[in-house]
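So the structure is just underneath, and the comments pick up after that.
No lab work stands behind these numbers, since they all come straight from the coordinates. Small disclaimer: the values here were computed from a predicted structure and weren't measured. No Cβ is skipped: glycine too gets one built from the backbone with ideal geometry, and neighbour counts run over all protein chains shown.
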Amino acid sequence: MKLRKLAVFGVCAAMMAPSVTVVAEEETESGTEQESSAESEKLKKYDPEITLTFAKPEVVTKYASGEDAQNNSAYKMWEDIMGINVQNKILAPSDSMTEKMQLAIAANDIPDFAIVDATMMGSLMDNEMVEDMTDIYDTWATDDLKALCGQNDNGLFAPVTNSDGRIMGLPVPNTLGDSYPILWIRQDWLDALGLSVPSTMEEVLEDAILFATKDPDGNGKADTYGLYMDKNLDGVDFIDAAYGAYTKDEFYIKQDDGSFICGATDARAKEPLSALANLYQNGAIDPEFAVKDSTKEDELVASGQIGIYIGYFYSPLGALKDCVANVDGADWTAVPFPAAESIGTYEPGVPLNVYGYIYAKKGIENPEAIVVMMNWLCDGYALPKEDNAFYIAYNKLMNDPEINSTSGVNNLMPFQMAANINWGKTFTDAVASGAKHVEGKDADYQNVISTELDAATSWAWKKVYLEGYLAIDFDHVKYSDYAGAPTDTAVKTESLLETQKLTDYIAIIMGDQDISYFDTFVDTYNSIGGSAICEEIAEKMAE
């Protein structure tokens with residue numbers, strides 16, 4: 001806005017005194033150059049080189065010749081571009097990393113930095129083992145990094161923010177796309193029944209009943225189901241969210257008085273559960289869903305017997321592809337998840353979209369180096385700029401056939417980040433213009449434009465990037481109102497609470513209990529740990 005005002009002022013001033021215009025333009029250009037210079041300094045290369053110790057999860061089973069977890073092309077790239085020599089103080093399989101870090105905390109001998117989960121971050125903060133990153137982040141982070149980490153009102157910072165409002169670590173962003181739900185609906189069934197794409201959740205559920213009762217496949221048999229459902233109730237939480245109920249496990253809702261409730265106990269879940277019970281009664285849900293896992297239920301999708309599948313942008317590469325391969329004329333369309341009529345914009349409940357949280361060990365000489373690394377990954381990887389040195393070096397490694405056939409570049413790097421890039425628009429524009437390549441996602445783009453894949457696989461790749469991605473709304477999601485480490489009671493009762501929710505929700509959906517039983521479920525859920533967890537959360541938040 002400031003530059004825009006200066007430009008308008010320059011035009012007006014030119015009519016009176018041209019010299020003023022020149023001064024204004026020079027000041028504007030100078031200010032822009034200074035800002036650009038300041039930003040570029042945050043992408044520094046340390047000279048002399050610095051060394052930082054790290055906790056590296058070992059996920060690679062085969063390396064390129066002469067490489068290993070410590071001596072490899074990605075670590076050398078870190079040195080060449082950033083002047084940072086990363087040394088693996090801890091190297092362990094991913095499932096052993098928590099134990100190794102706990103031992104390091106007990107011995108007061110943690111690495112200089114690592115990517116940890118919210119629980120581990122809470123332990124490090126409680127033991128005062130990490131640097132206060134508030135001022136360091138404010139000073140050193142580029143504008144791009146601040147935009148990436150600050151998405152959704154800085155919601156990603158919740159687990160690293162202490163009671164004084166200071167940030168003791170930084171979120172390492174992942175894309176929301178991996179957890180954002182999409183409705184995949186049989187387009188050929190909509191066409192067969194003369195139905196348009198549903199725009200409300202009520203219409204979705206009405207279509208589910210029609211898919212089960214109006215013979216959409218035209219075979220004269222009552223062998224179709226409207227809505228996919230398995231024994232883990234995959235997708236039901238996303239339906240609940242359409243009615244304003246956020247029922248995902250470990251989702252907590254803050255009340256007006258400062259207290260919390262477990263999302264699974266929200267009374268607003270009664271309406272969608274009643275609607276699902278109606279679907280079950282009308283044969284729109286597989287009657288055996290309660291004893292089938294996703295693998296078994298996917299068999300119904302693959303055989304062409306289910307019309308609505310709650311999935312993600314990448315779902316066409318699984319059972320939907322098998323359906324297209326197995327059933328003549330089968331087609332699926334990606335539908336943006338709609339809200340119920342009483343709700344405005346649909347906002348799914350999603351986990352914080354992070355790989356984890358990065359800390360700087362208290363007392364290290366260069367804590368700002370943590371931010372510098374993130375700056376490089378932001379501008380060279382997550383939100384890539386083609387003239388960025390990291391971007392150029394990374395893409396050179398991506399074209400190394402031996403690395404690609406063994407470890408892969410990403411698995412070699414100390415860590416990675418991702419942004420909410422809508423590759424759907426990028427791919428759609430590229431296909432329309434006849435582009436041969438798409439930087440950053442070229443391997444997938446080659447699958448989209450390939451003429452050598454079988455028909456079903458070609459269909460799947462096109463659906464993923466030319467429809468699935470376009471159905472994602474990155475700007476409208478809801479996080480839990482509490483995103484810190486699990487409380488003591490939560491750790492002890494997590495499995496018990498999940499089982500109680502599944503058991504009682506399924507009983508309501510199958511009609512074994514009417515919807516009034518929901519109140520009994522709430523009492524039971526709270527008595528076995530729900531209420532205690534919420535009290536512990538309220539106490540933490542009030543500290």
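The alpha-carbon of Lys436 sits under 13 angstrom from the alpha-carbons of these aspartates and glutamates, leaving out residues fewer than 8 places away in its chain: Asp444.
For Asn232, put the label point 7 Å out on the Cα→Cβ axis and report which residues of the range 479-511 keep their amide N under 15 Å from it. From the range 479-511, the list is 495, 498-499, 502-503.
Shown here for the range 247-331: GluC sites (Glu not before Pro) in loop regions (DSSP other than H, G, I, E, B) with at most 16 other Cβ atoms within 10 Å, namely Glu288.
Using the rule -39500 (n - 2.57) for each DSSP H run of four or more residues, divided by the residues of the chain, the 222 nm mean residue ellipticity is -13000 deg cm²/dmol. In this structure the amide hydrogen of Tyr225, modeled in the peptide plane, comes within under 5 Å of the amide hydrogens of Ile306, Gly307, none closer than 5 places in sequence on its chain. Here the range 79-100 and the range 382-430 have alpha carbon centers that stand 20 Å from each other. Here is the list for the range 89-188: GluC sites (Glu not before Pro) lying in DSSP coil, each with at most 12 other C-beta atoms within 10 angstrom of its C-beta, are Glu128.
For Lys100, the aspartates and glutamates whose Cα falls under 12 Å of its own Cα, not counting residues fewer than eight places away in the same chain, are Asp109. Please determine, in degrees from 0 to 90 and to the nearest 10, the orientation of helix 97-106 with respect to the longest principal axis defined by the Cα atoms of the chain, where the helix direction is its Cα long axis. For helix 97-106, the angle is close to 50 degrees.
Computed about its Cα centre, the charge dipole of the range 462-543 is approximately 460 debye, with only Lys, Arg, Asp and Glu carrying charge at their Cβ.
Against the main long axis of the alpha-carbon atoms of the chain, helix 389-398 sits at an angle near 50°. Beyond 26 Å in Cα-Cα separation lie the following of the pairs Lys76/Lys385; Lys362/Lys540; Lys396/Lys478; Lys248/Lys292; Lys221/Lys270; Lys62/Lys231: Lys396/Lys478; Lys221/Lys270; Lys62/Lys231. Along the range 40-56 the Karplus relation, 6.51 cos²θ - 1.76 cosθ + 1.60 evaluated at θ = phi - 60°, assigns HN-Hα couplings of 5, 5, 7, 9, 8, 10, 6, 9, x, 4, 10, 10, 10, 8, 8, 9, 9 Hz to successive residues, with x for each Gly and Pro. Going by alpha carbons, how many degrees (0 to 90, nearest 10) lie between the helix axis of 2-14 and the longest principal axis of the chain? Taking Cα atoms only, the helix is inclined about 60 degrees.
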